[in-house]
1. List pairs: first residue in the stretch 463-490 and under 14 Å from T144 (Cβ atoms), second residue among the acidic types (D, E) and assigned to a helix (DSSP H, G or I) anywhere in the structure, Cβ distance under 7 angstrom, at least six positions apart or on different chains.
2. For the subset of the stretch 149-172 comprising residues that are surrounded by fewer than 20 Cβ atoms within 10 Å (Cβ to Cβ) and under 30 Å from G455 (Cα atoms), which member is modelled with the lowest pLDDT?
3. Scanning for something buried (at least 17 other Cβ atoms within 10 Å of the Cβ) and outside any helix (DSSP H, G or I), does the stretch 458-480 turn up at least one residue?
4. Restricting to the stretch 285-312, name every residue that is surrounded by fewer than 19 Cβ atoms within 10 Å (Cβ to Cβ) and under 15 Å from T396 (Cβ atoms).
5. Please determine, by comparing only the residues of the stretch 270-283 that are surrounded by 19 or more Cβ atoms within 10 Å (Cβ to Cβ) and charged (D, E, K, R), which one is farthest from the chain's Cα centre (by Cα).
6. Of the residues L26, L38, L66, which single one is crowded, with 21+ Cβ neighbours inside 10 Å, outside any helix (DSSP H, G or I) and either among the β-branched types (V, I, T) or more than 17 Å from the chain's Cα centre (by Cα) (or both)?
7. Among (1) buried (at least 18 other Cβ atoms within 10 Å of the Cβ); (2) over 30 Å from S364 (Cα atoms); (3) of a type in the set (G, A, S), there is one condition S319 misses while meeting the rest; what is its number?
8. Return a yes/no flag: does the stretch 109-120 have any residue that is under 17 Å from H484 (Cα atoms) and touching a residue at least 60 places away in the same chain (Cβ under 8 Å).
Amino acid sequence: MQQQQVVRKVVIAGGGSAGWMTAQALATQLGPLIDITLVESDAIGTVGVGESTIPTARTFVHLLGLDEREFMRETQATFKIGILFDNWARIGDRYIHSFGEVGKSTLLAHFHHLWMEARAQGFGGELGDYCLEYKASAESKFFTSDTSPLNYAYHLDATKFGQYLRGRCIRQGVRRIEGKIQEVKQHPETGFVEALVMESGERVEGDLFIDCTGFRGLLIEQTLKAGFEDWGHWLPNDRAVAMQTAAVGPAAPLTRAIAHKAGWQWGIPLQNREGNGWVYSSEHMSDDEARSLFLGQLKGEHLTDPWLIRFRPGRRRKSWDKNVIALGLASGFIEPLESTSLHMIMIGVTRLLQLFPFGGVNESLINRFNHLADQEIVRIRDFVVMHYKLTERNDTPYWDRCRTMEIPDSLAERIELFRETAQIYTIPGELFQIASWLQVMTGQRVEPKSYHYMGRMMPPAQLKKALEDLKGHIARAVDRMPSHQAFVEQYVAQRAAEPA
């Protein structure tokens, strides 16, 4: 199966964050080479709760050619250097999954093996003492500059982000068509999509179509029947109630993830408000109970009415089928935990730029794109599933189900390896690196039975001094940082020409 027609006309179905991020990336990186049209309807709402990102967002902001200060002003963004988890392994437990490296590793073994030897000898302190981002997030401190080592992401208003990009795209020549899609026209022999027919009767023709229509997958699923692989047996949550409230205190550089009896609750601090959500399993909690419990937990003035989001964890069996590429929720969704929704759009757009079918759509490009997309989402899935599997909670049927469920072999092998030997590995190109796996597994009370004895090659006094020096260096660096709230206010007030 091959279409020889050179790809010149790109049509994006759907706006929101996914649509306009795609349009902006294509216009910025490939603008003179292609014609871009985006079709959206203001009458169709977007999910709009992807307000928390991971550090790959910084690279994407630069890819889009955005000035960071302007971007943060327009989206009411704050910085994020970690996620605070409450009540996950046990009720009352708390840990941070920060975005930084933990300690300094060697060729023989990662730093945590040294730390475990120190702990066995009666010193060493807490693992977080050896991570700059961990300590800064715990104290709500932040600083960045051209030479700053902090690894950070953003909290942002996803709706404002889409609107901001829409204005930029239109100025860059992207054509926007307002209205609903009434029909999708396909070639009678190849099945390739030829045009979108609008309710107005307008026919929008294209060579390549990008499906950013969200969960419904108007092109990839409703038209092409690409298929869907359900992951609900590993990820039981399928509902979320979201709501915006006024801020009640300084913004912290952390997303909050607070486990409750049938899921978890998020809190995302922006410059002018809080984003809140209650994620749950409809099998273990009714919509009415979820809404009632959620509203009872909120602080601050209610700025919106709560809205219910239904989702289905899983992936599209083909993200690219014929001449349609699904991005964002149309291609699959894991769940809000670990803030990977916007990342999946960003990496999908980046992959499209790298594999753009200038000479025509062909099977080899499709296979390569789908292979990379499958690898990406499966590895992220395993990381998210781990949070549920590693609970010790037995206080509700929901947590009993999570604790006792069968998990993918790929995840079971990683957990067993760490539990037995403290060894952690990552695969080239994998999103979550050693420090992430380490912080979540130790944060959820996995205690390895053994570890690498490299630390025993050092005299105890030498090992102790090395750890104390590292810990002291990080503590002094955090002491010099301003509060996150103060830094955000100062940073976004500056214009691009001013130094940081």
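1. Listed pairs, sorted by first residue: none to list.
2. Checking each candidate, the answer is P149.
3. No, every residue in the stretch 458-480 fails to be buried (at least 17 other Cβ atoms within 10 Å of the Cβ) and outside any helix (DSSP H, G or I).
4. Once the filter is applied, which keeps residues that are surrounded by fewer than 19 Cβ atoms within 10 Å (Cβ to Cβ) and under 15 Å from T396 (Cβ atoms), the stretch 285-312 yields S286, E289, L293.
5. Here the residue is R273.
6. Residue meeting the stated conditions: L38.
7. Here S319 clears every test but (2).
8. No; the residues of the stretch 109-120 include none that is under 17 Å from H484 (Cα atoms) and touching a residue at least 60 places away in the same chain (Cβ under 8 Å).
The values are calculated or read from the model by the stated rules, or taken from the named source; none is laboratory data. As the structure is a computational prediction, the values presented were derived from the model and not from experiment. Neighbour counts are summed over all protein chains in view; Cβ atoms, including those assigned to glycine, are modelled from backbone coordinates with ideal geometry.
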